[in-house]
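To start, the structure under review is shown below, and the notes come after it.
The values are calculated or read from the model by the stated rules, or taken from the named source; none is laboratory data. Predicted model, so just to flag it, every value in this text is computed and none were measured. Positions of Cβ are generated from backbone atoms using ideal geometry, with glycine treated the same way; all protein chains shown enter the neighbour counts.
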Amino acid sequence: MINVFKFGGASVKDAAAVRNMSAIVSSHTQEPLVVVVSAMGKTTNAIERIHALRFEGKNYEQELSELINYHRSMVDELFPADDHGLAALQQHVNAFKALLATPCSHAFDEEYDSLIGFGELISTAIVEAFFRSQHIASEWFDARTMIITDDRFRDARVDWDVSAQHVGVLQSALEHGKVCVMQGFIGSTKLGRSTSLGREGSDFTAAIMAYLLDATSVTIWKDVPGMLNADPKKFSDTVKLDRISFKEAIELAYYGASVIHPKTIKPLQNKGIPLYIKSFIDPSAEGTVIQESTECDHLIPCYIVKENQVLLSISTRDFSFIVEDNLKEIFEIFSRLGIRIHLMENSAISFSVVFDDDTYKLPELLKTLEEHYAVRYNKELQLVTVRHGDDDAAVRLSGGKELILEQRSRQTLRLVVRA
């Protein structure tokens, strides 16, 4: 009867949040529990800035100092009477500094993965030390020793068979009544090189562990009351989805719903493990459950807005058709560069795609495609998805904005607009 809890950055953003998280965990220790923790607050963003500056040969000392001071102030507040928290912090800070001091290679994504996991390593070290200070029997684990992946940096693919061989130490700790604390988002190759599972991938980590351990359930603790039908930062009249299916959840995640990582659902659905999304602000509230039944999926329309999108159109220079061989070549380029396509549309001599803008990958993509094709693109666009909606919703969402592309299916409307 193993349960897996995942706590994101907002749930450990300051000392009060860590205390609240500890109280939630303390009330659920009757059964074996694995706790997956993200980096604290906006730490991942800060490490991304440090990585970008380092990669460009610029000074990052101020950003590094601010990052260390943020965690040091957290430790000072959580551990006023002893230095257990400081020791937990310092070990990983020293390793982070040592890695930053090494020569930087030209492999942007691999360098990114070597650094980015330190946010999770630091947060879990602090959290687990605090659990022990609160008399919660716990043990810290390094996710990189259990989640084994390929070397597709920043979007690594899990080797499920090999990973299954590495979770025995965690099972042993659970059998001895320990709360197992581990990082989200990160793994490593068979050769020990650090990898990451994709941005916001801690949800996926929780699902991986649930699958490998045959868990009873997964609970993702958020600062919202459950899975909402729209982002409350963009929409004022959001509605909570009490119950949806695995199928609907994976559709919403694919289209860009920010509550769960797109890869989270598949391993849970494969073993019928329900996923609960609950509020760490109001832990006793019902939240949302994601499970097998589809009977509630169509009841509430859902709205998803993805910002900072690129619409890129690829066409042949000699007016010949875009055929299967062209598409194969184009998809291979996108795959090699690790660019995920959110929408695509084909015509006789043109193939258009929508994807996230990326300062480093877009120039390389353009350079590669322009060797064989004519390429046009627009930036700073929005991709709006309406699921189970109607035409009134489309008018409301696109009102006042330039409509560039519209795509419809039975249940889904997608609009590319200039914001």
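Quick notes on this structure:
- Number of residues in the stretch 154-173 that are in contact (Cβ under 8 Å) with a residue 40 or more places away in the chain, farther than 26 Å from Thr44 by Cβ and of a type in the set (A, V, I, L, M) equals 1.
- Helices (runs of 4 or more DSSP H) enclosed by the stretch 317-409 - at least 1 residues per element that are at pLDDT below 90: 391-398
- Any chance Phe153 is part of a loop (DSSP other than H, G, I, E, B) and on the phi < 0 side of the Ramachandran plot: yes
- Count of the stretch 212-259 residues, restricted to those that are surrounded by fewer than 20 Cβ atoms within 10 Å (Cβ to Cβ), among the hydroxyl-bearing types (Ser, Thr, Tyr) and in contact with a strand residue (DSSP E or B) (Cβ under 9 Å, 6 or more places away or on another chain), is 6.
Every residue, every condition in (1) modelled with pLDDT of 95 or more; (2) surrounded by 19 or more Cβ atoms within 10 Å (Cβ to Cβ); (3) of a type in the set (Asp, Glu); (4) under 30 Å from Ala137 (Cβ atoms), yes or no:
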site	(1), (2), (3), (4)
Val34	yes, yes, no, yes
Glu66	yes, no, yes, no
Asp76	no, no, yes, yes
Pro80	no, no, no, yes
Ser105	no, no, no, no
Asp113	yes, yes, yes, no
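- Complete set of residues in the stretch 128-150 that are β-branched (Val, Ile, Thr) and in a loop (DSSP other than H, G, I, E, B): Ile136, Ile147
- Selection of first residues in the stretch 328-344 that are at negative phi and crowded, with 18+ Cβ neighbours inside 10 Å and of second residues that are in a helix (DSSP H, G or I) and of a type in the set (Lys, Arg), restricted to Cβ pairs under 6 Å at least 6 apart or on distinct chains, gives the following pairs, ordered by first then second residue: Ile339/Lys361.
- Test: Asp151 is surrounded by fewer than 21 Cβ atoms within 10 Å (Cβ to Cβ), acidic (Asp, Glu), in contact (Cβ under 8 Å) with a residue 12 or more places away in the chain and over 16 Å from Gly117 (Cα atoms): no
- Scanning the stretch 294-344 for residues that are more than 20 Å from Tyr373 (Cα to Cα) and hydroxyl-bearing (Ser, Thr, Tyr) returns Thr294, Tyr303.
- Residue-level analysis places Ser133 outside the set of residues that are under 19 Å from the mean Cα position of the chain (by Cα) and of a type outside the set (A, V, I, L, M).
- Some residue of the stretch 1-15 being in the same structural domain as Leu213 (by TED's automatic domain parsing), outside any helix (DSSP H, G or I) and over 25 Å from Gly226 (Cβ atoms): no
- Residue match in the stretch 260-280 (condition: of a type in the set (Val, Ile, Thr), surrounded by fewer than 21 Cβ atoms within 10 Å (Cβ to Cβ) and in a loop (DSSP other than H, G, I, E, B)): no
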